[in-house]
1. Using θ = phi - 60° and the Karplus curve 6.51 cos²θ - 1.76 cosθ + 1.60, what whole-Hz ³J(HN,Hα) does each residue of segment 69-85 get, with Gly and Pro shown as x?
2. Can you give the Rg/Rh ratio of the chain, where Rg is from the C-alpha atoms and Rh is the Kirkwood radius?
3. Take Glu35, Glu114, Glu94 and order them by how many other Cβ atoms sit within 10 Å, fewest up front.
4. Using alpha-carbon pairs under 8 Å, 6+ residues apart, how would you state the relative contact order of segment 7-120 in percent?
5. Among DSSP bridges having both ends in the chain, what percentage is antiparallel? Round to the nearest 5.
6. Listing Leu24, Leu91 from the residue with the fewest other Cβ atoms within 10 Å to the one with the most, what is the order?
7. How big is the dipole moment of the chain about its Cα centre under a simple scheme where the beta carbon of each Lys and Arg is +1, that of each Asp and Glu is -1, and everything else is neutral? Debye, nearest 20, please.
8. Full extension from Arg120 to Ala21: what is 0.36 nm times the residue separation minus their Cα-Cα distance, to one decimal in nm?
Amino acid sequence: MPTLTTIIAGGTAEARERAVAGLLTPGQSTAIILEGLPSGTPLLDDAPGLSLARIASGCLCCAGQLVLRVTLNRMLGRRPDARPQRLFIGLADEAHADQLRSWLSLTPYDQLLELGPTQRA
């Protein structure tokens, strides 16, 4: 079953993290990739059923996608039964959300992810 994926775009690192925190469902295994590091105390941290990766600012979709690809592949794992039910990707530049969606629609991610609507932070 594909992982339901939501892109949260724009705003500050804190705003993206707050938006993701507001969408979490207790008891649902979730992976989160956040671009940018918060300037204060983070709201989210690894916990049972929650896997979090923070990536320093620098466009995830333009920088060759290497860091995003490696992080995403690790989170999705090799076993379908170990995949998270939900994935959030916090993207700093809202202008690049469509480009990221297009990239996530390509093989192999087209079989692994179900892209939901992009949300603004």
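Only the coordinates and a few stated rules stand behind these numbers; no lab work does. Since this is a predicted model, take the numbers as computed values, not measurements. Using ideal geometry, Cβ is built from the backbone for each residue, glycine included, and neighbour counts are taken over all protein chains shown.
1. 4, 5, 4, 5, 4, 5, 5, 7, x, 9, 9, x, 6, 9, 6, x, 6
2. On the way: Rg = 13.1 Å, Rh = 14.2 Å.
That ratio equals 0.92.
3. Details: Glu35 25, Glu114 12, Glu94 15.
Ranking Glu35, Glu114, Glu94 by Cβ neighbours within 10 Å, fewest first, gives Glu114, Glu94, Glu35.
4. Working: 168 pairs, mean separation 43.5, N = 114.
Here the relative contact order equals 38 percent.
5. Values: 1 of 23 bridges.
Counting only bridges with both partners in the chain, antiparallel ones make up about 5 percent.
6. Details: Leu24 15, Leu91 27.
In order of increasing Cβ crowding within 10 Å: Leu24, Leu91.
7. Working: 11 positive and 11 negative charges, 53 e Å.
It works out to roughly 260 debye.
8. Numbers: separation 99, 0.36 × 99 = 35.64 nm, distance 1.37 nm.
Working it through step by step, the gained length comes to 34.3 nm.
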